[in-house]
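Structure first, then comments.
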Amino acid sequence: MAQFVARRLLEAVVVVFLALTAVFCLQFLAGDPVKLFLPTDTTPKQIEEYRTRLGFNDPLVVQYVRFMRGALRGDFGNSLRQQQEPALRLVLDRFPATLSLSAVAMLLALGTAIPIGVISAARRNSWFDHLGIGTTVLGQAIPGFWLGLMLIYVFAVWLRWLPTSGRGTWLHYIMPAVTLAAFVSARFARFTRSMMLDVLGQDYIRTARAKGLAPPRVLYKHALKNASLPIVTLLALQLGQLLGGAVITETIFAWPGVGRFLVQALLNRDFPVVLVGVFLTAVMYSGLNLAADLAYAWLNPRIRYA
Amino acid sequence: MLSLPLNRSGALGLITVGIVMVTAVLAPFLSAYGPVDSDLVRSLQAPSRTHWFGTDQLGRDLFTRILYGARVSLAIGLVTVGIAGAIGLILGVISGYLGGVVDVILMRLVDVQLSFPFILLALVVNAILGIGLQNIIITLIITGWVVYARLVRGEVLALKALDYVEAARALGAPAARIIRHHLLPNLWTPIIILSSLQVAQFIVAEAAISFLGFGVQPPMASWGNMLNEGKTYIYNAWWMTTFPGLALVLTALGVNLIGDWLRDTLDPRLTT
């Protein structure tokens, strides 16, 4: 087990390292990063000064080594837009907002999806099942950004119940969290349903029923517990997807989180900030993948990793 | 393909996508307006008999723009899936069949790409490549081939171990012949199933990227950038956000239904 963890950790480190290298290379594909963000009326002399000051005149290898050394120390340089501010701090400052939104969205997704999945499976082909399946198919086809816009129209413009943007009260959480949860929830409900159907066909469920256990007990204690293993794995992977979804949701609702900040940095060609965003995403995503593998091994002792 | 038994979701999906395709192709004949004809006097008009879906802030007919937007969406969906699929297929076969160092390097590349949420990766690549129709296609190809490569590699590894492939190898058949006659015919089913689901994902990804202000730029009509423009006018023109979104959802739904149908009929072992 320890060996397995060590190997997976090493793999995660390699992936993060390669991701950083890829982004470092990509920023030069876009053309001269300095020219792209300076105003068009800047004189060539000023551009040259800027290039030297930011180190863009050094050979690529030197720039790369400097970049990697900095990254190891958590130093990605200062933001090109907000001088004096380290890019890492700017991004980290916005992390709590993204985390709290993702957490609320995940709770919402699980709280709706698992009951829907379990009941749909228990009453296969009932009207509830058909309704549930229909909703999840729709939920997977509706892109988050459109759902967000429609929610704003109905609940903010038309009914005037909820605020459209920002973060302050719990009311601010409702629309962004629903938007973010919708897609994940649809996938979870479908997945839970098919896992439950699988388990409900097993012999031990028939035994439990035959010995006269109450149906809810069979459903939750015997079936759901056994179906929970793949669901936990999906949970970790979907947490990563929430990070991607946050980019769009936060932009729509002007949520002051990492996602929106990253979009603005991309629009402004603020590469140090983009690099930090990519780095942190790669770290978190790899970490969650690792967590999924470990949770799997921990929950199911039959799995042995060589 | 024609002999596939049609079920309800398949029929529904085919009809939806069929309608979108036909209207996209016939756009100039279905509407009296051009996609970029602006008429400032008639800006932000609600749906009416002359403008079925209303007009936008420049007085352009939304119905017309949605029809032309369908061209962009479908073209992007189909072209990117075709090219990304071909690249993924080739690299997946190479990786799975040859194994060794090539396999390790390719799969690490795949791992790196998969260590990002798809939409975020596409956004970063597109922002770096620059805006425009061509660049969004390149973006989606760069971000999309990995799924195919991983799938194909896995299938090839499984197929390689089968008796008839081993027999062919033992008889001294060249690699090209084994790949063409024994591997490829078995790869089409998973590739078709994956592709049908990828088309929907790419269409939505394009819309999302254009919605955020990258990707396809105005005045060219794309459902994503129409929604982006509509966002600004959400307080006085509900039609600008409603109709392009509906078009997107219906198309994505139709493609997904076709995907579900293909998966259920071509490969009954798979369930989700």
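What follows draws every value from the coordinates through simple rules; no lab data is involved. Everything numeric in this text was worked out from a predicted model, so none of it was measured. Note that we place each Cβ from the backbone using ideal geometry, even for glycine, and neighbour counts take in every protein chain shown.
Per-structure values
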quantity: Highest-fluctuation residue, A:Leu197, A:Leu147, A:Leu159 considered, GNM on chain A with Cα pairs under 10 Å; calculated: A:Leu159
quantity: Kyte-Doolittle mean at least 0.0 and Cα axial length at least 30 Å: DSSP H helices in chain B; calculated: B:62-98, B:133-160, B:184-211, B:238-266
quantity: Semi-axis lengths, Å, chain B, gyration tensor of Cα atoms, sqrt of 5 times eigenvalues; calculated: 42, 21, 13
quantity: Environment charge of A:Ala282, counting only residues whose C-beta is closer than 13 Å and scoring Lys/Arg +1, Asp/Glu -1; calculated: -2
quantity: Net charge of neighbours whose Cβ lies under 13 Å from the Cβ of A:Arg209, counting Lys and Arg as +1 and Asp and Glu as -1; calculated: +3
quantity: Rel. contact order, % - alpha carbon contacts under 8 angstrom, at least six apart, chain A; calculated: 28
quantity: Cut-off 14 Å between beta-carbons: net charge of the residues surrounding A:Phe95, Lys and Arg +1, Asp and Glu -1; calculated: +2
quantity: Table column - 3J(HN,Hα) (Hz), the range A:43-49, Karplus curve with 6.51, -1.76, 1.60, x for Gly and Pro; calculated: 6, x, 5, 4, 4, 4, 4
quantity: Value of Rg/Rh across chain A [Cα atoms, Kirkwood radius]; calculated: 1.07
quantity: Semi-axis lengths (Å, descending) of the ellipsoid that matches the C-alpha gyration tensor of the range A:187-278; calculated: 46, 11, 8
quantity: Cα pair count fraction exceeding 14 Å, expressed as % - the range B:1-92; calculated: 73
quantity: Descending principal axes extents, the range B:158-218, alpha-carbon based, whole Å; calculated: 59, 18, 14
quantity: Three semi-axes of the equivalent ellipsoid, the range A:150-306, Cα gyration tensor, whole Å, largest first; calculated: 39, 24, 10
quantity: In sequence order, calculated HN-Hα J values of the range A:63-80 (Karplus, 6.51, -1.76, 1.60; Hz; x Gly/Pro); calculated: 4, 5, 4, 4, 5, 5, 4, x, 4, 4, 8, x, 10, 9, x, 8, 4, 6
quantity: Stokes-Einstein D in µm²/s, Kirkwood radius over Cα pairs - the protein assembly as shown at 20 °C with 1.002 mPa s viscosity; calculated: 83
quantity: More than 18 angstrom apart: percent of Cα pairs within the range A:49-182; calculated: 71
